[in-house]
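Student: Got a structure here, written out as structure tokens. Questions coming.
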Amino acid sequence: MDQPNITPEISDLNSKFAYSAEVASATKAGQIPNSEHNWEEKAQEYLAGWQRAQADYANLQKQMSGFGQDLLKQAKMNLVKEILPTLTYLETALEHAPEDLKNNPWLDGIKHIAVEIETAFGRLGLTRIKTVGEKFDPLIHEAAGTEKATDEQTPETITREISPGFMLGDIVIQPARVIVSSDSKF
């Protein structure tokens, strides 16, 4: 038997019928919008989603920028903490240099190195904590001892610095060790 000859018109009807059945079942399932109003709603939904994604991305960029700044600040702090004792030891050694070397050009060169190190620290944001003559502040000073206040001094005034203190921005890297005046000996 011969196969019936299906004309292109009937074939088109079959495919249109199949497509209509797909659309009908998809519409019942809520997958395909069935009116122009629903297309506008869908477009608004996509626009809102895109705007949320843009806002999320902008927030992520701000967060990552802050993270980078925090990382840089932490790296500076670690560098300063590692090298700062070297400056302190160098300054202590210069303070205790023998008298016969006080005018030696070699010692002047070593003093210049100490100044250069402190200048480099200054470029990183490191500052010395003020001590002698200042009021004692337990947040930035460490009391190594007390001595009786003279008539010119008020109690809780720093009279001597034992070792310098340093801050990086508003963070104490090393508190200043000091002697503080008091009304009486403890």
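The values are calculated or read from the model by the stated rules, or taken from the named source; none is laboratory data. Keep in mind the model is a prediction, meaning the values are calculated, not measured. Note that we place each Cβ from the backbone using ideal geometry, even for glycine, and neighbour counts take in every protein chain shown.
Student: Cβ-Cβ distance below 9 Å, separation of 6 or more or different chains: which pairs start in segment 66-95 with a residue that is of a type in the set (Ser, Thr, Tyr) and end on one that is part of a helix (DSSP H, G or I)?
Tutor: What qualifies is THR86/ILE117.
Student: Of these, GLN69, GLN3, GLN31, which one is out of contact with any Leu (no Cβ under 7 Å at 6 or more places or on another chain), modelled with pLDDT under 90, closer than 30 Å to GLN174 by Cα and among the polar types (S, T, N, Q)? Give the steps one after another, and end with the answer.
Tutor: Numbers: GLN3 fails: closer than 30 Å to GLN174 by Cα; GLN31 fails: closer than 30 Å to GLN174 by Cα.
Step by step, each of GLN69, GLN3, GLN31 is checked, and only GLN69 is out of contact with any Leu (no Cβ under 7 Å at 6 or more places or on another chain), modelled with pLDDT under 90, closer than 30 Å to GLN174 by Cα and among the polar types (S, T, N, Q).
Student: Taking the criterion of being more than 17 Å from ILE173 (Cβ to Cβ), assigned to a helix (DSSP H, G or I) and within 30 Å of the chain's Cα centre (by Cα), would at least one residue in segment 94-115 satisfy it?
Tutor: Of segment 94-115, the ones more than 17 Å from ILE173 (Cβ to Cβ) are 94-115.
Next, only the ones that are assigned to a helix (DSSP H, G or I) stay: 94-95, 99-101, 105-115.
Keeping just the survivors that are within 30 Å of the chain's Cα centre (by Cα) gives 114-115.
Yes: one or more hits.
Student: Here are some residues: THR146, THR159. Which one is surrounded by 13 or more Cβ atoms within 10 Å (Cβ to Cβ), under 20 Å from GLU91 (Cα atoms) and either among the basic types (Lys, Arg) or in contact with a strand residue (DSSP E or B) (Cβ under 7 Å, 6 or more places away or on another chain) (or both)?
Tutor: Going through THR146, THR159 in turn, the sole match is THR159.
Student: Taking segment 70-107, which residues are surrounded by 11 or more Cβ atoms within 10 Å (Cβ to Cβ), farther than 18 Å from GLY165 by Cβ and not hydrophobic (A, V, I, L, M, F, W, C)?
Tutor: Scanning segment 70-107 gives LYS73, ASN104.
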